1. Working only within region 36-83, note down all residues that are farther than 30 Å from Glu96 by Cβ and of a type in the set (Ser, Thr, Tyr).
2. Would you be able to say whether some residue in region 34-57 is modelled with pLDDT of 75 or more, hydrophobic (A, V, I, L, M, F, W, C) and out of contact with any helix residue (DSSP H, G or I) (no Cβ under 9 Å at 6 or more places or on another chain)?
3. If you scan region 57-105, which residues turn out to be surrounded by 12 or more Cβ atoms within 10 Å (Cβ to Cβ) and among the basic types (Lys, Arg)?
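The values are calculated or read from the model by the stated rules, or taken from the named source; none is laboratory data. Only a predicted model underlies this, so the values are computations on that prediction, with no experimental measurement involved. So basically every Cβ, Gly included, is an ideal-geometry build from the backbone, and we count neighbours across all protein chains shown.
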Amino acid sequence: MSAADLDISAALIASKPAPVLSGSAKTAAAAEKAAKDFEAVFINQMLSTMFEGVKTDGPFSGGPAEGMFRSMLVDQYSKTIAGQGGFGLADQVKREILRMQEMRQ
């Protein structure tokens, strides 16, 4: 997957209009957003660890700039992966968030 594909995917995800919701639908939508954000952070941590082993030196490297921008690249990768379904972690987290909210009421 190229960087251009990821940019297009991220733009499509960000451009979806937010529907007007009320009551429990707002809670479910907020829980889903929080769950997807949590999954994106989880994926970011996993990818950051994975990319630590990739060397940025050599004749065709990006030099110091590559190391500087790598965190932004990994952040976009993680948001795109989570936005396209991720690993299924968001579904479990959303279910738990909603269950905890029901217990509180």
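1. Once the filter is applied, which keeps residues that are farther than 30 Å from Glu96 by Cβ and of a type in the set (Ser, Thr, Tyr), region 36-83 yields Thr56, Ser61.
2. no
3. Answer for region 57-105, where residues must be surrounded by 12 or more Cβ atoms within 10 Å (Cβ to Cβ) and among the basic types (Lys, Arg): Arg70, Lys79, Lys94, Arg95.
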